[in-house]
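No lab work stands behind these numbers, since they all come straight from the coordinates. Small disclaimer: the values here were computed from a predicted structure and weren't measured. Here the Cβ positions follow ideal geometry from the backbone for every residue, glycine too, while neighbour counts run over all protein chains shown.
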Amino acid sequence: MNKKKFKIDWAGTMDKIREQGSKKTNNSYKDERIYYPQFNENDTAQAIIRFLPSPDTDIPFVSVYSHSIQGAGWYIENCPTTIKKECPACKANTAIWESDPDTARKRKRKQSYYSNILIIKDPANPENEGKVFLYKYGKKVYDKIMSKIDPGSDSIEEPIMVFDYYDGADFKLIIKKIQVGKYKMPNYDDSQFSAPSPVGTDDEIEKYAESLYNLSEFTAPENFKSFDELQTKFERVTGVTGVESNNSTPRQNRPTSQTTEVPKVADEGVFEGTDDEFFTDLQKED
């Protein structure tokens, strides 16, 4: 095997990953490009996946913030703080954090990550094996990735760039639904990385590289509504008024509506249950 043909220099990438990790980023349809592991009758989903590089971003994943807020309908929107712009929900949360922390927590932004992955093994859907998908994941999986690629200077573990074609590692994705109150929530504690190994031959890697999806679209400005659009919807759903952008003059007598929206939202591929259970899940860290 010619180990240099698709070799990636990850040194500069790690600096950017650490920079992003030091900062504290919803679609209304099911994106068929995104991989959704299937649960069995024992409320467990299992697969072996391999995280792959990104073809168009500096680091091999993108981070997106979003809100999922229930009121007079649903406020399910990408949070503009993802692209360093103002968000009415975040501004409203800041205003009530001390006086009403419970409400603020329910309305807080949720962080998700997107990466390219290769499906190595999928017992529930073997036709997925050998195919490249996008994968959306939360903090628990992100932390497992970071513990491998950047274990820290005080760790005895050697860094493993799990996204690398040659020196990366397969990920045993094991998701179990556990009872949390009246809901069953996804748990990733049993998921773990295997020992480093090449993802395939040079010919196979070339095929995977040609199948990668662009990640920059998830943080493209056109995927984020304006402050005024979001504020109008936020007011309609929550009844909260008076939250203004720092860059605009106050608006008076804005109309409100009690129309109840029933959004069609794709989950993270880790939850099966009623709509109320799913939307509650969106507001929790995995």
remark   = In the range 80-139, lysine pairs 8 or more places apart or on different chains with C-alpha atoms under 27 Å apart total 25
request  = In whole Hz, with x marking every Gly and Pro, tabulate ³J(HN,Hα) for the range 174-188 from phi via Karplus 6.51 cos²θ - 1.76 cosθ + 1.60, θ = phi - 60°.
outcome  = 10, 10, 10, 7, 10, 6, 10, x, 8, 10, 9, 10, x, 10, 10
message = Testing the spin-label approximation: label points 7 Å from Cα along Cα→Cβ at Asn40 and Ser99. State their distance in nm.
response = 5.3 nm
ask   = If you average 1/r over every pair of different alpha-carbon atoms in the range 187-245 and take one over that average, what Kirkwood value in Å do you get?
value = 16.7 Å
task = Net charge near Ile160: determine it from the other residues with C-beta under 9 Å of the C-beta of Ile160, scoring Lys and Arg +1 and Asp and Glu -1.
result = -3
remark   = The local net charge around Thr238, scoring Lys/Arg +1 and Asp/Glu -1 for residues other than Thr238 whose Cβ lies under 11 Å from its Cβ, equals +3
request  = Quickly rank 80-87, 63-70 as a protection proxy: mean count of other C-beta atoms within 10 Å, highest first.
outcome  = 63-70, 80-87
ask   = Ratio of Rg to Rh for the range 54-120, alpha carbon only, Kirkwood?
value = 1.10
request  = Please list, in chain and number order, the residues 5+ apart from Gly73 or on another chain whose amide H is under 5 Å from its amide H, with Hs placed from the backbone.
outcome  = Glu261
inquiry  = Could you list Ile117, Ile8 so that the one with the fewest beta carbons within 10 Å of its beta carbon is first and the one with the most is last?
reply    = Ile8, Ile117
